[in-house]
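As structure tokens, the structure follows; a few thoughts come after it.
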Number of protein chains: 2
Amino acid sequence: MSYSIGDVVKKTGLSAYTLRYYEKEGLLPFVKKNASGVRAYSDEDLRWLTMIECLKDSGLQIKEIRQYIEWFNEGDSTLPQRLSLFENRRKILEKEMARLTVVMNKILYKELLYREAVRVGNLDVATNERRFMHLKKKLFESPDDFDK
Amino acid sequence: MSYSIGDVVKKTGLSAYTLRYYEKEGLLPFVKKNASGVRAYSDEDLRWLTMIECLKDSGLQIKEIRQYIEWFNEGDSTLPQRLSLFENRRKILEKEMARLTVVMNKILYKELLYREAVRVGNLDVATNERRFMHLKKKLFESPDDFDK
DNA sequence: TCAACACCTAGAGTAAACTCTAGGTGTTAT
DNA sequence: ATAACACCTAGAGTTTACTCTAGGTGTTGA
């Protein structure tokens, strides 16, 4: 099967601008064009777009994705580079998830605090109420840096 | 206590450029300057920088952080807006963590696959080996979109 | 035939968050 | 007193990932 750019827009949710941009950046090196330059995407191209989405979601920049695609097209000699890319990504994602967990705690604390503040009409709970001070101490290294 | 911009650079790891930029963007509305324009940061300013870091880490844009700071300085009448900001952030962080978990599975699958591919010298494991096909099916809706 | 439509290219524009440059001021150590 | 140093402002430049514009081509239904 082959698809026009309009079909691919509908399938992927990407804009036609973005699809052409990706191509210009080397992310879709095998998209075919007819005599008058009109693109015809293959199922293979669509699979690449799925993979590109995944790599983007994992935080890779476009030039890193291009590098991966180049490695892929070079064949088995680049298997170690590709492994190493995924290892690094996994480590970065682990850090990112840990980071988000920390941030989530802080935001949850703030949400709780403000829920109570809205109930009573002021923010004094932050510095007066034992339960909030306790929570703050449990969650943060320098609790007083967190009353803003 | 009061701190020069150089002191604050050392304490926060932010560049002097960035500190001046934040101020220009309204994130530090109360930094004092002496007669010749030299900044003197207070402990209060440092606490704001800690809070700004947290809000940035949670994904807020600079203009949203400025909005929060303006609300804070307007006093108790803006408690509901601030609560709502933290609720929204919490929801966004929840989605983000869920998203990262999904991405992590995909990257982990790739890492595993490439570890084996490097061991045997080719990528055929992806389409031939039962255990990888099984894993793929478990992890993804459209498993065949994921062989790139 | 002619208008609508989907598509094309090259290149300009945008947004966010910095980052740097040029040219200048004030303080301090030798 | 003079050089080094830390600081200042205004404004220009950078990076990333789009997003859009202008002007043009090819196909198709009335």
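So the values come out like this:
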item: Protein-only accessible surface order, largest first, of B:Ile52, B:Ile62 at 1.4 Å; result: B:Ile62, B:Ile52
item: Rounded accessible area of B:Arg47 (nearest 10 Å², 1.4 Å probe); result: 70 Å²
item: Above-threshold pairs, the threshold being 26 Å between Cα atoms, out of A:Lys24/B:Lys137; B:Lys10/B:Lys33; B:Lys56/B:Lys148; A:Lys10/B:Lys110; result: A:Lys24/B:Lys137; B:Lys56/B:Lys148; A:Lys10/B:Lys110
item: All-pairs Cα distance distribution in segment A:1-53, expressed in whole percent, bin size 10 Å; result: 25, 67, 8
item: For A:Arg99, solvent-accessible area (1.4 Å; no DNA, RNA or ligand), Å²; result: 80 Å²
item: Relative contact order %, chain A, counting alpha carbon pairs below 8 Å whose residues are six or more apart; result: 14 percent
item: Whole-percent carbon and sulfur share, accessible surface of chain A, 1.4 Å; result: 51 percent
item: Relative contact order (percent, whole number), segment B:1-60, Cα cutoff 8 Å, 6+ residue spacing; result: 38 percent
item: Order of exposure, largest accessible area first, which applies to A:Lys106, B:Lys138 with probe 1.4 Å; result: B:Lys138, A:Lys106
item: Residue-normalised accessible area of chain B, expressed per residue, 1.4 Å probe, Å²; result: 56 Å²
item: Area accessible to solvent at A:Asp45, 1.4 Å probe radius, in Å²; result: 10 Å²
item: Summed buried accessible surface, chains B and A, 1.4 Å probe, nearest 100 Å²; result: 4300 Å²
item: Residue mean of other protein chain beta carbons inside 10 Å, B:110-120; result: 5
item: Taking segment B:83-146 and dividing mean pair separation by its residue count, relative contact order in percent (alpha carbons under 8 Å, at least six apart); result: 22 percent
item: More than 24 angstrom apart: percent of Cα pairs within the protein assembly as shown; result: 65 percent
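The values are calculated or read from the model by the stated rules, or taken from the named source; none is laboratory data. Please read all numbers here as calculations on a predicted model, not as lab measurements. As a convention, Cβ positions derive from the backbone with ideal geometry for all residues, glycine included, and neighbour counts pool all protein chains shown. Heads up: the accessible areas ignore ligands, DNA and RNA and are worked out on the full protein's heavy atoms, side chains in. Shrake-Rupley method; radii C 1.70, N 1.55, O 1.52, S 1.80 Å.
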